[in-house]
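The values are calculated or read from the model by the stated rules, or taken from the named source; none is laboratory data. This is a predicted model, so every value here is computed, not measured. Methodologically, a virtual Cβ is constructed for each residue, glycine included, from the backbone with ideal geometry; neighbour enumeration extends over all protein chains shown. Please note that ligands, DNA and RNA were not included when accessible areas were found on the heavy atoms of the full protein model with its side chains. Shrake-Rupley method; radii C 1.70, N 1.55, O 1.52, S 1.80 Å.
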Amino acid sequence: MGLLFSLLIIPAGAMQFFQSGLIRPVYFPIISFFVSLFSLRLVLAALSLFSVQMLLLLVRWPKTPGVFLEMTDPGEAAALVLSLFLTAVISSAVIRRLRTEKEKSETLLSRIAKNAREISRETAMDSLSTEDTLSHYFSSMLKTDEEIGELLVAIKHAVFADSASLFVPEEGGFVLRCSTEKKGEIIISGDGVIAACMRDKKAFSSGEIDDKKLSLGYVRKLKVVSAIAAPIMEGSALIGILAVDSSRAHAFSEPEKNTVGRFAGQLVRILERERIYFMIKRDVFGLRILREESSNLITSLNRGIIARKLCEGAGKIAASQVYFFIGSGGEYDLVYHNSDLQTDQKRFSFEKTVINFAIENRHRHYVRDLKDYQIRILPFRTEAARSVLAIPMIYERTVLGILVMLSENVDFADALQISLLEVLCNQASMSLANALLHSKIETLATTDGLTGLYNHRVFQEKFSEELKRHGRMSGPVSLMLTDIDFFKKINDSYGHPVGDIVLRGVSAILRETLRDTDIPARYGGEEFAVILPGTDGHGAKIMAERLRTAVMEKVFNPEGRAFSVTISIGIAVCPADAKTKEELIEKADQALYGAKHGGRNRSVLWSAMA
């Protein structure tokens, strides 16, 4: 705790030395960083000690400027302390939930890996790594085709048949899975006995087959006279047909039929093991994808990167068109998608769409077949979609965004895939909430709370960057310093709340009038600064007059008392007037002084005064 307290004192000492409270916002990211390294209890204890020290100093020297953090008001100090405590608690909650979800995913994968390692020990595989163990476990667990082939050969010899074959259903018909005959010697001819057995789930046997009257569903070189077809059932589901045949009439008696039935039962166990194998393999590799993509989500605090990584991870779990929307005032911004959608519109409403069910119920909504749905799927055209999955991104009962997946296939995602996607979205929700928290903390450190413009510190940084760019590009840069005329009289006559309304109104005019490339900031009090990249004195004068006129025409009407304000503007240009930041600020300030003493409500170029 002593170390944390010392680290908290350092910025305060810097502010005391420089006599500036501008470093104060740096405490918010510092607190978030401490919570990620130390326990919440330890951080709160250090904050408590820090707060007591601050309040003691303010009580001891209440009216001495710059005693601590450049604050003389205990209320202001208490507000700062409360904000720091809230930042610590919120950051701790976010980090704890991120770690919990990550540990859950790793536990699931570790459990499967442990089972695989236990099996590998029985087969002398102790020396292999986790990845190698899993790979060996999957590859050695089952060689189904070879095993089925050996079993068919055994059936052929056991009942003295000419051939034994396994047929499996596929897309409304059937295909040859394995046979004792060479490739190409058995040709599928279509319906017939095999198709009937699959449809009715009943066995067939005959010792006098007339191929002109009865089709088996396949043909081979030798004429088939006797045949047995036994359905292979897994519970109530048919998974294949075992067929044996002979060119001899009445080749199979009742014992042979019973033998074929018993072999069909053995095939059930082989095919069931194969199905379980693929399920385990899919589960393991699905969890591996989940672990990798969850790790990717944690590493970023940029919402665009989070959206891209989420969509890429979702596409790996279930192939589909993926769209990601982030909530914005009741509507949703499309921030990433992998489709060929072409539209300039980025903000959408989901009212009267399928997706709205997920938003209103705050639960994932999966439609396996959209054929009978009469309402739209999304606010834009999605003609080829046959199934859709929508998962809302919820954090603390707030829908932050929504992940939408569309497919041209019916029922494109199974229960496991949906579960993996929900876990991934839950992880993304916390990453997105963390990014929003970081953005809020960053905003507190860079913007003026009243006007929403850049604060003085950021203005200084931006101005230095523009002057460096000027040095490389050799283009002009202009600086305007603006002051609201007789602002003290407004506060005295109408009160400080009205003065705040005026400051916000002038700030709004600055944002509306200036170009996107211009950089407005609150310089201090009722003063504003504007950086005009690529603008010479003539262009800066035109812009200044445009601003001055817009402010003059603005009517403020708080509580029915209408009035207007004016502004004075001073302008300096680089490199015509000066080349360094300090000289440009000084000369723009001199030009502003000239505008004030010249009658106010005017703009003055420093070069016109020289």
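Give me a count of the residues in segment 204-232 that are part of a loop (DSSP other than H, G, I, E, B) and more than 54 Å from the chain's Cα centre (by Cα). Even if it seems obvious, please write down each step before you answer.
Initially, segment 204-232 is screened for residues part of a loop (DSSP other than H, G, I, E, B), giving 207-217, 221-225.
Now drop any that are not more than 54 Å from the chain's Cα centre (by Cα), which leaves 207-216, 221-225.
So the count comes out to 15.
Would you tally the residues in segment 578-599 being part of a loop (DSSP other than H, G, I, E, B) and surrounded by fewer than 14 Cβ atoms within 10 Å (Cβ to Cβ)? Steps first, answer last, please.
Initial filter on segment 578-599 (part of a loop (DSSP other than H, G, I, E, B)): 578-580, 598-599.
Among the residues that remain, those that are also surrounded by fewer than 14 Cβ atoms within 10 Å (Cβ to Cβ) are: 579-580, 598-599.
Residues meeting the conditions: 4.
Would you be able to tell me the number of residues in segment 395-421 that are in a strand (DSSP E or B) and either touching a helix residue (DSSP H, G or I) at 6+ places or on another chain (Cβ under 6 Å) or open to solvent by less than 30 Å² (accessible area, probe 1.4 Å) (or both)?
Step one: of segment 395-421, the residues in a strand (DSSP E or B) are 395, 398-407.
Going one step further and asking which of them are either touching a helix residue (DSSP H, G or I) at 6+ places or on another chain (Cβ under 6 Å) or open to solvent by less than 30 Å² (accessible area, probe 1.4 Å) (or both), we end up with 395, 399-407.
Count: 10.
List, please: which pairs have Cβ atoms under 7 Å, are six or more places apart or on different chains, and start with a residue in segment 485-503 that is under 15 Å from residue 568 (Cβ atoms) and aromatic (Phe, Trp, Tyr) and end with one that is open to solvent by less than 80 Å² (accessible area, probe 1.4 Å) and not in a helix (DSSP H, G or I)?
Listed pairs, sorted by first residue: 487/526.
Enumerate the pairs (first residue in segment 580-599 and in contact (Cβ under 8 Å) with a residue 12 or more places away in the chain and under 15 Å from residue 484 (Cα atoms); second residue anywhere and open to solvent by 60 Å² or more (accessible area, probe 1.4 Å) and charged (D, E, K, R)) with beta-carbon separation below 8 Å, excluding pairs fewer than 6 apart on the same chain, so at least 6 apart or on different chains.
That search, which allows pairs on different chains as well, returns 595/602.
Please go through segment 190-203 and give me each residue that is under 15 Å from residue 176 (Cβ atoms) and either more than 52 Å from the chain's Cα centre (by Cα) or buried (at least 19 other Cβ atoms within 10 Å of the Cβ) (or both), ordered by number.
Scanning segment 190-203 gives 192, 193, 194, 195, 197, 198.
Is there any pair linking a residue in segment 147-169 that is in a helix (DSSP H, G or I) to one that is open to solvent by 50 Å² or more (accessible area, probe 1.4 Å) and charged (D, E, K, R), with Cβ under 8 Å and at least six apart or on different chains, and which?
Pairs that qualify, where the first residue is in a helix (DSSP H, G or I) and the partner is open to solvent by 50 Å² or more (accessible area, probe 1.4 Å) and charged (D, E, K, R), are 148/177.
Restricting attention to segment 519-555, report how many residues are in contact with a helix residue (DSSP H, G or I) (Cβ under 6 Å, 6 or more places away or on another chain) and among the acidic types (Asp, Glu).
1
Output the number of residues of segment 358-379 satisfying the condition of being more than 21 Å from residue 393 (Cβ to Cβ) and touching a residue at least 40 places away in the same chain (Cβ under 8 Å).
2
List pairs: first residue in segment 388-399 and free of Cβ contacts under 8 Å to residues at least 60 places away in the same chain and within 25 Å of residue 370 (Cα to Cα), second residue among the acidic types (Asp, Glu) and open to solvent by 10 Å² or more (accessible area, probe 1.4 Å) anywhere in the structure, Cβ distance under 9 angstrom, at least six positions apart or on different chains.
391/422
When you go through (1) at pLDDT 90 or above; (2) surrounded by fewer than 21 Cβ atoms within 10 Å (Cβ to Cβ) one by one for residue 172, which number turns out not to apply?
(1)
Pairs needed: first member in segment 336-357, under 26 Å from residue 372 (Cβ atoms); second member anywhere, open to solvent by 50 Å² or more (accessible area, probe 1.4 Å) and part of a loop (DSSP other than H, G, I, E, B); C-beta distance under 7 Å; at least 6 residues apart or different chains.
Note: pairs meeting the criteria are 352/375; 353/375; 354/373; 354/375.
Of a type outside the set (Asp, Glu), surrounded by fewer than 22 Cβ atoms within 10 Å (Cβ to Cβ) and part of a helix (DSSP H, G or I), is that true of residue 549? Break it down into steps so the answer makes sense when it comes.
Details: of a type outside the set (Asp, Glu): yes; surrounded by fewer than 22 Cβ atoms within 10 Å (Cβ to Cβ): yes; part of a helix (DSSP H, G or I): yes.
The answer is yes for residue 549.
In this structure, is residue 127 modelled with pLDDT under 80, hydroxyl-bearing (Ser, Thr, Tyr) and not in a helix (DSSP H, G or I)? Spell out how you get there, then give the answer.
Values: modelled with pLDDT under 80: yes; hydroxyl-bearing (Ser, Thr, Tyr): yes; not in a helix (DSSP H, G or I): yes.
The answer is yes for residue 127.
Output the residue which, of all residues in segment 565-577 that are in a loop (DSSP other than H, G, I, E, B) and more than 18 Å from residue 497 (Cβ to Cβ), is least open to solvent (accessible area, probe 1.4 Å).
Of all residues in segment 565-577, those in a loop (DSSP other than H, G, I, E, B) come to 565-566, 575-577.
Keeping just the survivors that are more than 18 Å from residue 497 (Cβ to Cβ) gives 566, 575-577.
Numbers: 566: 37, 575: 65, 576: 84, 577: 19 Å².
Only one residue fits best here, namely 577.
Given the conditions (1) in a helix (DSSP H, G or I); (2) under 22 Å from residue 591 (Cα atoms); (3) of a type outside the set (A, V, I, L, M, F, W, C), which single one is not true for residue 472?
With (1) in a helix (DSSP H, G or I); (2) under 22 Å from residue 591 (Cα atoms); (3) of a type outside the set (A, V, I, L, M, F, W, C) applied to residue 472, the lone miss is (2).
From the list 236, 247, which one is modelled with pLDDT of 90 or more and not aliphatic (A, V, I, L, M)?
Details: 236 fails: modelled with pLDDT of 90 or more.
Exactly one residue qualifies, and that residue is 247.
Considering only residues that are out of contact with any helix residue (DSSP H, G or I) (no Cβ under 6 Å at 6 or more places or on another chain), part of a helix (DSSP H, G or I) and at pLDDT 90 or above, look in segment 431-463 and name the one that is surrounded by the most Cβ atoms within 10 Å (Cβ to Cβ).
Ranking the qualifying residues of segment 431-463, first place goes to 459.
Take the residues in segment 374-388 that are open to solvent by 90 Å² or more (accessible area, probe 1.4 Å) and part of a loop (DSSP other than H, G, I, E, B); name whichever of them is farthest from residue 348 (Cα to Cα).
First, pick out the residues of segment 374-388 that are open to solvent by 90 Å² or more (accessible area, probe 1.4 Å): 374, 376, 381, 383.
Then keep just the ones that are part of a loop (DSSP other than H, G, I, E, B); that gives 374, 381, 383.
On the way: 374: 20, 381: 13, 383: 18 Å.
Applying the filter and picking the extreme gives 374.
Hey, can you tell me all the residues within segment 469-507 that are closer than 18 Å to residue 447 by Cβ and open to solvent by 30 Å² or more (accessible area, probe 1.4 Å)?
Across segment 469-507, the qualifying residues are 500, 504.
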